[in-house]
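Student: Okay, handing you the structure first.
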């Protein structure tokens, strides 16, 4: 049976969307949880109660991953706060990320740098810090990176985002090579288009939603909950021999060149 009993997971960017779906699925599978958000809000107590009702130990840490001058600083501070909240973390989910793009011909260094800091560097240094602790204490840690189908398929004027998500996929592979000898498993998950607060256009624009469904073999633009089970599997003992892999949760979009135009069907 796939479960995470006895495990403790820290998930960055877990107050909404894919991160929250992963956190809930892991809690339902037996893991205690440390949530992370940019800051505390009026919604935080209600959010924590969801996990308490599942009978799990739940903690919350707040940190703006773009606030410090160096990502290394925020990784160190966040690492300390997580350990103070729950020193038993043995699953790290580097999920926090964002879309900060501009058209390529208007791109500036700060936007590109912020995109890489948020989507790549933060997870890189958090993985380094947790790995050092796990190795020192002989803990078989698990790391899950949230990538995107954009790491494989480019979108117009998404140069910063697409590049960062491509980097995440290579990071999964390179970290696997570095950490597998220490009994630390590193894998990734790359969602296609799923319904989250950041993809609200799907619900606002019916033509856009229809277009995306037409370009997805299973014809769906699902909610973020589809990512939860995949995350649990990759971090569970059922995936004990799965190292350095990027699992695409995309309804088949990444394997399809493009659908036939409707008039040819």
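Student: Could you grab me the full set of residues in the range 1-45 that are under 14 Å from residue 143 (Cα atoms) and surrounded by fewer than 15 Cβ atoms within 10 Å (Cβ to Cβ)?
Tutor: The answer is none; no residue qualifies.
Student: Could you list all residues from the range 166-185 that are out of contact with any helix residue (DSSP H, G or I) (no Cβ under 7 Å at 6 or more places or on another chain), without any contact (Cβ under 8 Å) to a residue 60 or more places away in the chain and either part of a strand (DSSP E or B) or buried (at least 23 other Cβ atoms within 10 Å of the Cβ) (or both)? Even if it seems obvious, please write down each step before you answer.
Tutor: If we filter the range 166-185 for residues that are out of contact with any helix residue (DSSP H, G or I) (no Cβ under 7 Å at 6 or more places or on another chain), which is where we start, we get 170, 172-174, 176-178, 180-181, 183, 185.
Next, only the ones that are without any contact (Cβ under 8 Å) to a residue 60 or more places away in the chain stay: 170, 174, 178, 181, 183, 185.
Once the filter is applied, which keeps residues that are out of contact with any helix residue (DSSP H, G or I) (no Cβ under 7 Å at 6 or more places or on another chain), without any contact (Cβ under 8 Å) to a residue 60 or more places away in the chain and either part of a strand (DSSP E or B) or buried (at least 23 other Cβ atoms within 10 Å of the Cβ) (or both), the range 166-185 yields only 185.
Student: If you don't mind, there's one more thing I want to ask. Quickly run through the range 239-265 and pick out the residues that are out of contact with any helix residue (DSSP H, G or I) (no Cβ under 9 Å at 6 or more places or on another chain) and modelled with pLDDT of 95 or more.
Tutor: Taking the range 239-265 as the starting set, the residues that turn out to be out of contact with any helix residue (DSSP H, G or I) (no Cβ under 9 Å at 6 or more places or on another chain) are 240-241, 252, 255-258, 260-261, 263-265.
If the condition is that a residue be out of contact with any helix residue (DSSP H, G or I) (no Cβ under 9 Å at 6 or more places or on another chain) and modelled with pLDDT of 95 or more, then 240, 241 are the ones that fit.
Student: Something else now. Let me confirm something: among 188, 192, 244, 251, which residue is within 20 Å of residue 128 (Cβ to Cβ) and buried (at least 19 other Cβ atoms within 10 Å of the Cβ)?
Tutor: 188
Student: Checking residue 190 against (1) within 23 Å of residue 152 (Cα to Cα); (2) touching a strand residue (DSSP E or B) at 6+ places or on another chain (Cβ under 8 Å); (3) part of a helix (DSSP H, G or I); (4) at pLDDT 95 or above: exactly one of these is not met. Which one?
Tutor: That leaves (3) as the condition not met.
The values are calculated or read from the model by the stated rules, or taken from the named source; none is laboratory data. Computed from a predicted structure; not experimentally measured. All Cβ positions, even for glycine, are placed from backbone atoms using ideal geometry, and neighbour counts span all protein chains on display.
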